[in-house]
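First the structure, in the form of structure tokens, and then the observations on it.
Laboratory data are not the source of any read-out in this text; all were calculated from the coordinates shown. As the structure is a computational prediction, the values presented were derived from the model and not from experiment. Cβ sites come from the backbone with ideal geometry, for glycine too, and all protein chains shown count toward neighbours.
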Amino acid sequence: MTEMDRDAMDRDRDVEILSKETVFKGYFQVDRYRLRHRTFAGGWSEEMVREVFERGHAVVVLLYDPDRDKVALIEQFRPGAYAAGWHPWLVECVAGIIEEGEHPDEVARRETREEAGSDPTDMIHIGDYLVTAGGSSESCKLYCARVDSSIIAGTHGLAHEGEDIRVFVIDPAEALAMCRDGRINNAMAVLAIQWLIMERDGLRARWLGA
């Protein structure tokens, strides 16, 4: 799809919602859509029925210490990984859901305090992406936060939310090695670490004035 094609496709004009109903509502929500959309050849697609998992939208925060050239990551239990037959304790970046009325920047700072026991001294917005657009509306807003890694350690999280989160500090090269050998196997952490490897020199120059 070219940029011209993308510009030509309009979200509201070229998608017709025939019906929408909530078929499940618990910790998360599932909505069922009946819809059709315009095709690249012209005309309209056949009617399709799709369930969409409504999880909300999230922030993801890569914690980086440019003074020591260290990355702080977290590890916690994930039921989705367990259900998929994978080892359910995943190495990740700090992350959290944006509640209605919250600003993503403040969510990023709050989650950094709750999950890593640290307050960012600076933070940049890297970009946004969809997690799994084929079946979920969830998007992630990705940040890199400047932290002091010398005081990051231990376990954190909110007990009333069932969180048991271990935080640890490693070299960026080791983080990349963990992505390569599968010790880090979730997309949000892999994306963030690969971004850091590409942009680390410029990021350190920005934050250290080098």
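Tabulated values for the structure
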read-out: Reported label for calculated semi-axes √(5λ) of the Cα gyration tensor in Å given [x] 29, 21, 17; [y] 35, 21, 16; [z] 26, 22, 16; value: [y]
read-out: Choice from Ala72, Ala192, Ala177 showing the highest fluctuation, given a GNM over the chain with Cα pairs closer than 10 Å; value: Ala177
read-out: Exposed-site-free run, longest, the chain (rule: GluC sites (Glu not before Pro); DSSP loop; at most 12 other C-beta within 10 Å); value: 101-210
read-out: Selected from Gly43, Gly117, Gly135 as most flexible by GNM, with the chain as the system and alpha-carbon contacts under 10 Å; value: Gly43
read-out: Ellipsoid equivalent to the range 1-114 - semi-axes via the Cα gyration tensor, in Å; value: 36, 21, 16
read-out: Label point distance in nm, Trp89-Tyr33, each placed 7 Å from Cα along Cα→Cβ; value: 3.9
read-out: Residues with amide H under 5 Å from that of Val60, placed H, sequence gap 5 or more; value: Lys141, Leu142, Tyr143
read-out: Neighbour-limited loop hits for trypsin sites (Lys or Arg not before Pro), the range 25-89 (at most 13 other Cβ within 10 Å; DSSP other than H, G, I, E, B); value: Arg68
